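The values are calculated or read from the model by the stated rules, or taken from the named source; none is laboratory data. Just so it is clear, the structure is predicted and the values come from calculations on it, not from any experiment. Here the Cβ positions follow ideal geometry from the backbone for every residue, glycine too, while neighbour counts run over all protein chains shown.
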Amino acid sequence: MTRRAFNLVELVIATAITAVLLTAVMVALSASFHAYRQTTESASTGVIGRIVMDRIQGLVRTGVDFAPYPGTLVSTVVESNELDIKRPDGTWITLAWVPSTQSLHWQEDGSDWVVLEGVTQQPSGSGTPIAPFALEFHRGRHLHRATIDLCVVPDDIQGMEIEGQAVPVLRLVGSAMPRATAWEQ
């Protein structure tokens with residue numbers, strides 16, 4: 001006697017095994033998609049952050065005057081949420097970190113543009129925010145070096161259950177000195 005088809009029990013078992021395998025594949029695919037999105041957002045923010053840092057350092061290198069100035073003649077380092085730069089054409093720009101919106105702004109001629117969002121200025125994710133600009137002066141109000149320290153959260157679309165609630169903070173640190181100062185030494 002030959003058998004021509006599956007019986008009902010065999011079909012139910014095959015369907016259950018297929019359902020379990022498809023569920024496992026969908027969970028793995030979903031985790032892979034979330035990891036891909038997080039990686040691309042982090043990489044995108046890193047690239048944008050490096051471009052912003054490069055632009056700020058270029059402004060410092062070509063700038064002719066800077067503010068805020070030290071409060072006294074003995075103080076040489078000023079930590080600030082703002083950096084004012086006078087360009088060679090005589091115009092002033094202000095780079096300002098706005099804590100309420102967690103963003104870095106470019107202000108010029110009464111206009112205000114957001115340059116970088118997600119700037120938290122908290123390297124460890126908690127505690128007192130650090131100043132994004134540290135200006136080191138010498139001989140009064142001559143800028144010797146400007147250090148830019150930006151702490152940026154890549155994006156708030158992230159978050160996988162497997163990673164917990166930790167949000168990675170990207171820290172961008174750069175230093176530049178005006179060309180006039182560099183050539184004097």
Could you list, in sequence order, all residues of region 99-124 that are β-branched (Val, Ile, Thr), over 14 Å from Leu150 (Cβ atoms) and either assigned to a strand (DSSP E or B) or touching a Cys at 6+ places or on another chain (Cβ under 8 Å) (or both)? none
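Take the residues in region 90-119 that are hydroxyl-bearing (Ser, Thr, Tyr) and over 25 Å from Met177 (Cα atoms), then tell me which one is surrounded by the most Cβ atoms within 10 Å (Cβ to Cβ).
Residues of region 90-119 that are hydroxyl-bearing (Ser, Thr, Tyr), as a first pass: 91, 94, 100-101, 103, 111.
When the remaining residues are screened for being over 25 Å from Met177 (Cα atoms), the result is 100-101, 111.
Working: Ser100: 5, Thr101: 12, Ser111: 7.
Among those residues, the one meeting the criterion is Thr101.
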Can you pull out every residue in region 36-87 that is part of a helix (DSSP H, G or I), of a type in the set (Val, Ile, Thr) and touching a helix residue (DSSP H, G or I) at 6+ places or on another chain (Cβ under 7 Å)? Thr62
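So that you can scan it fast, the table gives a plain yes or no per residue for (1) touching a residue at least 60 places away in the same chain (Cβ under 8 Å); (2) of a type in the set (A, V, I, L, M, F, W, C); (3) on the phi > 0 side of the Ramachandran plot; (4) touching a His at 6+ places or on another chain (Cβ under 8 Å):
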site: Arg3; (1), (2), (3), (4): no, no, no, no
site: Ala16; (1), (2), (3), (4): no, yes, no, no
site: Leu21; (1), (2), (3), (4): no, yes, no, no
site: Ala43; (1), (2), (3), (4): no, yes, no, no
site: Val60; (1), (2), (3), (4): yes, yes, no, no
site: Tyr69; (1), (2), (3), (4): yes, no, no, no
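Residues checked against (1) of a type outside the set (Ser, Thr, Tyr); (2) surrounded by 12 or more Cβ atoms within 10 Å (Cβ to Cβ); (3) over 21 Å from Leu104 (Cα atoms); (4) modelled with pLDDT of 85 or more:
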| site | (1), (2), (3), (4) |
| --- | --- |
| His34 | yes, yes, yes, no |
| Arg37 | yes, yes, yes, no |
| Thr40 | no, yes, yes, no |
| Gly46 | yes, yes, no, no |
| Arg50 | yes, yes, no, yes |
| Arg55 | yes, yes, no, yes |
| Gly58 | yes, no, no, yes |
| Gly63 | yes, yes, no, yes |
Residue set Val60, Val52; condition hydrophobic (A, V, I, L, M, F, W, C), touching a Pro at 6+ places or on another chain (Cβ under 7 Å) and closer than 30 Å to His142 by Cα; output residue Val60
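I want to confirm something. Restricting to region 127-185 and keeping residues that are of a type in the set (Asp, Glu) and assigned to a loop (DSSP other than H, G, I, E, B), which single residue is modelled with the highest pLDDT?
Asp155
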Looking only at region 60-88, count every residue that is under 23 Å from the mean Cα position of the chain (by Cα) and of a type in the set (S, T, N, Q) and tell me the total. 2
Matching residues, region 120-153, being surrounded by fewer than 17 Cβ atoms within 10 Å (Cβ to Cβ) and of a type in the set (Asp, Glu): Glu136
In region 65-82, the residues that are farther than 22 Å from Thr45 by Cα and either hydrophobic (A, V, I, L, M, F, W, C) or surrounded by 14 or more Cβ atoms within 10 Å (Cβ to Cβ) (or both): Asp65, Phe66, Ala67, Pro68, Tyr69, Pro70, Leu73, Val74, Thr76, Val77, Val78, Ser80
Test set (1) free of Cβ contacts under 8 Å to residues at least 12 places away in the same chain; (2) among the β-branched types (Val, Ile, Thr); (3) outside any loop (DSSP other than H, G, I, E, B) - Ile93 fails condition number: (1)
